[in-house]
1. Considering all alpha-carbon pairs of the chain, what whole percent are spaced by more than 26 angstrom?
2. On the accessible surface of region 1-113, probed at 1.4 Å, how many percent belong to carbon and sulfur atoms?
3. Over the chain, what is the relative contact order in percent, taking alpha-carbon pairs closer than 8 angstrom and at least six residues apart?
4. In region 54-196, with Lys and Arg counted as +1 and Asp and Glu as -1 at Cβ, which of these residues, ASN80, GLY91, GLY113, has the Cα nearest the positive end of the dipole, that is, farthest along it?
5. Quote to one decimal, in nm, the extra length available between VAL67 and VAL104 on full extension: 0.36 nm per residue of separation minus the C-alpha distance between them.
6. May I ask you to give the solvent-accessible area per residue for the chain, in square angstrom, as obtained with a 1.4 angstrom probe?
7. Just to confirm my numbers, what's the Cα centroid distance between region 149-196 and region 81-119 in Å?
8. Calculated FRET efficiency, LEU13 and VAL48, Cβ-Cβ r, R0 45 Å, to nearest 0.05?
Amino acid sequence: MVDTADAPRKGALKVVSVVSTAHLFSHFYQIALPALFPILAGVYGVSVGELGLLIAVMFAASGIAQVVAGFVVDRYGARNFLIIGATLLAGSFFLLAFFPNYWVAMGLMALAGLGNSVFHPADFAIFQASVRQDSLGRAYGWHGFAGNIGYMLAPIVMGGLAVTLGWQWAIALTGGAGLLTVVALIVFRNDLLDDT
């Protein structure tokens, strides 16, 4: 008799791929702006230290909200909150390109931090429900690997795009790419099991 707990779950590779890609963008956005600090200091008319506060606000919002996100995911399910969080994160980043104002950027980074807060609780809950138990370690490994690739790519991609196309295009294009990942999360939403 087959143990259904260990049976392959249909769509698990899709789930790991799309969730890990979203996680890649989560990490990408966390350190994308520092590559542009020399440019943004002039655009916003602030010091590099004040630009650092933007990143601090994002991480503070994310850190505080992550605890709440864990309770919300347990209570209401992970799938929809992952989609909402990814949309909020990528959308906030995308909008940074169109509002070259320090205080607007501060608000958008706070919203981005709220979006970022859902990733770990939602991603792990989805993996737990969508991936068979004897493959969870590999799923988590790919998830972590994707996040680190996001960190690696951010300064290279942002710097390269800013030099060739300008800072606004760099932000808009990478924000748009994250929004395309949201579309993938929506398209494959039925594969993102969350036991609710």
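1. Numbers: 6179 of 19110 pairs.
Roughly 32 percent, rounded to a whole number.
2. 71
3. Details: 284 pairs, mean separation 76.6, N = 196.
In percent, rounded to a whole number, it is 39.
4. Positive-end residue among those listed: GLY91.
5. On the way: separation 37, 0.36 × 37 = 13.32 nm, distance 2.58 nm.
This chain segment gains 10.7 nm when fully extended.
6. Working: 9410 Å² over 196 residues.
The answer is 48 Å² per residue.
7. So the two Cα centres are separated by 12 Å.
8. Details: r = 43 Å, r/R0 = 0.95.
FRET efficiency, LEU13 to VAL48: 0.60.
The values are calculated or read from the model by the stated rules, or taken from the named source; none is laboratory data. Values in this document were obtained by computation on a predicted structure and should not be read as measured data. As a convention, Cβ positions derive from the backbone with ideal geometry for all residues, glycine included, and neighbour counts pool all protein chains shown. The protein model used for the area step is the full one, side chains on, heavy atoms only, and it has no ligands, DNA or RNA in it. Shrake-Rupley method; radii C 1.70, N 1.55, O 1.52, S 1.80 Å.
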